[in-house]
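The values are calculated or read from the model by the stated rules, or taken from the named source; none is laboratory data. It should be emphasised that the depicted structure is a prediction, and the values quoted were computed from it without experimental measurement. Quick reminder, even Gly has a Cβ in these numbers, built from the backbone with ideal geometry, and neighbours come from all protein chains shown.
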Amino acid sequence: MRGDWISRGNGAATVVFIHGILSSSESCWTHGSGAYWPQILASEPTLAGIGVYVFSYKTGFSSGNYRLGDIVDALDEHMRLDKVVGPSQKLIFVCHSMGGIVARKFIVRESASLIDRGIEISLFLIASPSLGSDYANWLSPIAKFVGHAQADALRFGQGNAWLMDLDREFLDLKESGRLHLAGKELIEDRSIVLSGLLRKQIVEPMAGARYFGRPYKVPNSDHFSIPKVADADTVQHRLLREFVLNAAGRLPIAQALWNALEHRIDACNRAGVPIRMVLRLHVLFEVAPSLIERCFDSAVGPEKSNRIRRWINDAVVALVEKEAGHASFVASVANDPTVLNATEIAHGETAREVTARHFLIAILNDQSSGAVAEIRRTLGASQFKALQESAIHFGPDEETEQSEVPEIN
């Protein structure tokens, strides 16, 4: 029984993985290929700064009278000792099977403290038997024989007063609105064979899609395969990545913009070239040439637009020749200050993602940039203001078109 940090993050948001009954933090989240879901999540560039923590508890057949309440106690103490929860933090639980019941009991029991500290809770429930499981009913004779209290608590039916009470308490808390509480539920697709004859889903849809809208049935999954992802392209992971981004208050960056920035920043890191604003402008000519051309042309005319374009190309070449080998830090897209400013602009527009247009607005708003100052000097105050207004009011980005730009070697 332990808690392990995969990535500590910056304290603003933490993802907590909790496995299910008769499982462990290793067996639950590890794919047959060896891919470990918490590590895949921690390696996501778009989630840089978000902590990833894995909680494991006693749940084998020999766990006897170690009850669900004891697991909740352990979760609370481990998160306290490992400083998982801070004030005004966003806490995101990723729970398989009984792990979802553990998380919900923790939330209900600690709701007053969570509300007082301003903590926002998000639940990503994966085949979690919110109303119990027929599998636990099937296991009941074995559970009683070996004295397994956890399996007995998961029985499906009105006679399970403990689980019915937790369901009512959680629904009351959710509907009260006193605690920020969001969620997503994934449900299994396939049945498994019990006793060699009976084919059953471990968690039926009515028990696994109980609390939040738009549950998702993962195609071809069963109860034991659904928490195991092969890579970052697996649908469960893509849904989790989107969920964490939303829970953490972040917006995804348009893929074309992300790819171009990542390529350019990686090249600069290898060459030891500092990330200057002129390089960010250069990326926009690569990822959204039509947006830049039309935005500049409409504001300042083709002649000055071409002059600025030539100046940016020349400035990039000069930068590489002059400053290669001088940068001692390693930059990243997720922590790039202009990307962060663009994200704030996109939030202000209630956009679904950060686009090249938001990135351009963030660049033009940067009063500390020498490159932006040179563009302002070239255009004059009135035309520079017109360029800013053009970027703000321009239509949808044309981000799919690619242009040839010089490489940084």
Of the conditions (1) without any contact (Cβ under 8 Å) to a residue 12 or more places away in the chain; (2) farther than 16 Å from T234 by Cα; (3) part of a loop (DSSP other than H, G, I, E, B), G49 clears all except one; give me its number.
-> (1)
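Any idea which of I101, I71, I92 is assigned by TED's automatic domain parsing to the domain that holds E120 and in contact with a Cys (Cβ under 9 Å, 6 or more places away or on another chain)? Outline the logic, then answer.
On the way: I71 fails: in contact with a Cys (Cβ under 9 Å, 6 or more places away or on another chain); I92 fails: in contact with a Cys (Cβ under 9 Å, 6 or more places away or on another chain).
Exactly one residue qualifies, and that residue is I101.
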Looking at (1) surrounded by 15 or more Cβ atoms within 10 Å (Cβ to Cβ); (2) over 28 Å from the mean Cα position of the chain (by Cα); (3) of a type in the set (K, R), can you tell me which one R310 breaks?
-> (1)
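Do we have any residue at all in segment 20-27 that's buried (at least 19 other Cβ atoms within 10 Å of the Cβ), of a type in the set (S, T, Y), touching a residue at least 12 places away in the same chain (Cβ under 8 Å) and in the same structural domain as K184 (by TED's automatic domain parsing)?
Here is the first cut: in segment 20-27, the residues buried (at least 19 other Cβ atoms within 10 Å of the Cβ) are 20-21, 23, 25.
With the extra rule that they be of a type in the set (S, T, Y), the set shrinks to 23, 25.
Now restrict to residues that are touching a residue at least 12 places away in the same chain (Cβ under 8 Å): 23, 25.
Imposing the further condition that a residue be in the same structural domain as K184 (by TED's automatic domain parsing) reduces the set to 23, 25.
Yes, the conditions are met somewhere in segment 20-27.
Out of T338, T355, T350, report the one residue that is at positive phi and either under 34 Å from the mean Cα position of the chain (by Cα) or at pLDDT 90 or above (or both). Before the answer, list the steps.
Values: T338 fails: at positive phi; T355 fails: at positive phi.
Result of the check over T338, T355, T350: T350.
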Would you be able to tell me the number of residues in segment 47-85 that are surrounded by 14 or more Cβ atoms within 10 Å (Cβ to Cβ), modelled with pLDDT under 90 and of a type in the set (S, T, Y)?
-> 3
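With the condition kept exactly as written, say whether any residue in segment 300-309 is of a type outside the set (D, E, K, R) and in contact with a strand residue (DSSP E or B) (Cβ under 9 Å, 6 or more places away or on another chain). Even if it seems obvious, please write down each step before you answer.
Taking segment 300-309 first, the residues of a type outside the set (D, E, K, R) are 300-302, 305-306, 308.
Adding the requirement that they be in contact with a strand residue (DSSP E or B) (Cβ under 9 Å, 6 or more places away or on another chain) leaves none.
No, that holds for no residue.
In this structure, does R376 turn out to be over 26 Å from D266 (Cα atoms), basic (K, R) and assigned by TED's automatic domain parsing to the domain that holds A260?
Numbers: over 26 Å from D266 (Cα atoms): yes; basic (K, R): yes; assigned by TED's automatic domain parsing to the domain that holds A260: yes.
It is true that R376 is over 26 Å from D266 (Cα atoms), basic (K, R) and assigned by TED's automatic domain parsing to the domain that holds A260.
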Result of the Cβ filter at 8 Å on segment 275-294, keeping first residues that are under 19 Å from E262 (Cβ atoms) and partners that are of a type in the set (D, E) and part of a helix (DSSP H, G or I), at least 6 apart or interchain, is none
